[in-house]
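Enquirer: So that we are looking at the same thing, I have put the structure below in structure tokens.
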Amino acid sequence: MKMFIKLSVASVSGAVVYLIYNVNQTLRKGMGTLEETNKTLEEVRNAVHGLTHESKQLIHSANQITADVKGKMENVDPLLESAQDVGEMIHNVTNSMKEASLEGRHKELSPTAPLTRTEAEGVQIKIK
């Protein structure tokens with residue numbers, strides 16, 4: 001029976017040594033994986049920091065461009081208003097010419113109609 005106890009203790013000791021060896025190997029592999037993970041996280045942090053800096057510069061540039069475009073639009077507004085005024089003036093001149101032409105045709109049809117003062121002076125154009 002003593003021999004059986006010695007053999008059992010030896011078997012348990014061997015199993016414990018084998019278990020410790022396997023746990024040690026697993027922990028080493030786990031440590032290697034953790035080191036790689038730490039390196040990857042550091043690279044990601046550096047990349048994110050770089051992107052953050054670039055994003056801030058991009059936003060700053062976009063804000064400057066927006067301000068510049070707004071300023072240029074404010075400078076163009078009076079030009080567009082002037083173009084609208086010119087368009088209205090041309091429209092008024094065209095309408096006056098049409099009316100004068102129609103009045104002239106009516107006079108040709110009735111030669112006895114007297115000329116009014118405005119017709120005698122010609123077509124007058126108002127400029128704003």
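Enquirer: Taking every pair of alpha-carbon atoms in region 64-107, what share in percent sits in each 10 Å bin, from 0 to the bin with the longest distance?
Expert: Answer for region 64-107: a P(r) of 25, 25, 19, 15, 10, 5, 1 percent.
Enquirer: Give a residue-ordered list of calculated ³J(HN,Hα) values for region 33-39 (Karplus: 6.51 cos²θ - 1.76 cosθ + 1.60, θ = phi - 60°; whole Hz; x for Gly, Pro).
Expert: Values per residue, Gly and Pro as x: 5, 5, 5, 4, 5, 4, 4 Hz.
Every read-out reported here was derived from the displayed coordinates using simple, explicitly stated rules and does not represent laboratory data. Every value quoted in this text rests on a predicted model; they were computed, and no experiment measured them.
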